[in-house]
1. Any residue in the stretch 16-28 that is within 16 Å of the chain's Cα centre (by Cα), at negative phi, among the hydrophobic types (A, V, I, L, M, F, W, C) and outside any strand (DSSP E or B)?
2. Tell me whether the stretch 130-138 contains one or more residues that are more than 16 Å from the chain's Cα centre (by Cα), open to solvent by 20 Å² or more (accessible area, probe 1.4 Å) and at pLDDT below 70.
3. Specify the residue that is surrounded by the most Cβ atoms within 10 Å (Cβ to Cβ); the eligible residues are those in the stretch 78-97 that are modelled with pLDDT of 85 or more and within 18 Å of the chain's Cα centre (by Cα).
4. Quickly run through the stretch 56-77 and pick out the residues that are of a type outside the set (F, W, Y), modelled with pLDDT of 90 or more and open to solvent by less than 40 Å² (accessible area, probe 1.4 Å).
5. Looking at this structure, is V2 within 27 Å of V188 (Cα to Cα), at pLDDT below 90 and surrounded by fewer than 15 Cβ atoms within 10 Å (Cβ to Cβ)?
6. Can you tell me which residue within the stretch 13-55, out of those that are closer than 18 Å to W88 by Cβ and among the aromatic types (F, W, Y), is least open to solvent (accessible area, probe 1.4 Å)?
7. Taking E199 and the conditions (1) assigned to a loop (DSSP other than H, G, I, E, B); (2) at pLDDT 65 or above; (3) surrounded by fewer than 12 Cβ atoms within 10 Å (Cβ to Cβ), which numbered condition does it fall short on, given that it satisfies the others?
Amino acid sequence: PVGPAFAVLGPKIYVIGGAFDGIPSNSMWVYDCRFNRWEEGPRMKVGREFAGAGVVDGKIYVLGGCVVDVTAQSMDWAEVFDPVTGLWTTVPSPVEVRLKRMHASVVMEGRVYAMAGRSGEVYDVGVVGKCGNVLIICRRQPAVVQGVLCCCNIFGKIAGYDVEEGVWKELKGVGKGLPTFVYGTTMVNFDGRLCVVWEKKGS
């Protein structure tokens with residue numbers, strides 16, 4: 001599929017939604033790393049493409065990426081999957097955020113940060129249905145390292161999001177010998193260190 005969301009919970013990797021031939025799917029495929037085996041999981045209430053996803057308290061939250069109109073689809077903008085019961089449940093969400101299409105997401109301090117271009121949503125699962133705006137200037141998939149939300153900003157520099165102050169700060173001492181990250185940058189927390197992978201221009 002094109003544009004699926006991913007989540008890791010225990011020994012399993014969840015591949016959620018994505019589009020087939022341009023049509024968003026509500027499917028979920030689960031890869032069990034213990035047995036090297038794929039299985040089809042329970043389907044979401046709506047199809048999603050480029051959704052945000054995150055694991056909080058053993059449950060998978062999925063935000064956006066769905067076609068929003070005047071029907072019940074808009075009510076399912078956010079869903080949560082409980083692997084114990086095997087059920088998807090609709091989570092209340094503010095109307096004003098439902099037109100957002102997410103392209104990346106991370107979980108930090110019990111909140112799902114879902115990125116949508118230059119803006120984004122902070123979804124607080126501690127207060128059901130509560131969303132807040134945060135200026136997100138990520139271009140690609142971010143990562144949380146030592147409590148700091150790191151990403152490549154729109155200027156091709158690595159930046160960190162200060163949760164307490166609610167502002168982005170450029171990380172010092174990381175630019176020497178590194179290219180300007182513009183093409184296909186992605187990041188991951190690799191054993192407590194920030195690992196950056198990017199596409200080379202022309203390749």
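1. No, the stretch 16-28 contains no residue that is within 16 Å of the chain's Cα centre (by Cα), at negative phi, among the hydrophobic types (A, V, I, L, M, F, W, C) and outside any strand (DSSP E or B).
2. As a first pass, look at the stretch 130-138 and keep what is more than 16 Å from the chain's Cα centre (by Cα): 130.
Restricting the remaining residues to those that are open to solvent by 20 Å² or more (accessible area, probe 1.4 Å) gives 130.
After this cut, where a residue has to be at pLDDT below 70 as well, the list is 130.
Within the stretch 130-138, one or more residues are more than 16 Å from the chain's Cα centre (by Cα), open to solvent by 20 Å² or more (accessible area, probe 1.4 Å) and at pLDDT below 70.
3. Just the residues of the stretch 78-97 that are modelled with pLDDT of 85 or more, to begin with: 78-91.
Okay, now just the ones that are also within 18 Å of the chain's Cα centre (by Cα), so 78-82, 88, 90-91.
On the way: A78: 28, E79: 23, V80: 18, F81: 23, D82: 13, W88: 21, T90: 15, V91: 19.
Going through the qualifying residues, I end up with A78.
4. Hits for the stretch 56-77 are V56, G58, I60, V62.
5. Numbers: within 27 Å of V188 (Cα to Cα): yes; at pLDDT below 90: yes; surrounded by fewer than 15 Cβ atoms within 10 Å (Cβ to Cβ): yes.
Yes.
6. The qualifying residue least open to solvent (accessible area, probe 1.4 Å) is Y14.
7. So the condition that E199 fails would be (3).
The values are calculated or read from the model by the stated rules, or taken from the named source; none is laboratory data. Being a predicted model, the structure only gives us computed values, none of them experimental. In this analysis, Cβ positions are derived from the backbone assuming ideal geometry, glycine residues included, and neighbour counts consider all displayed protein chains. Remember, those area values only see protein heavy atoms, side chains included, never the ligands or the DNA or RNA. Shrake-Rupley method; radii C 1.70, N 1.55, O 1.52, S 1.80 Å.
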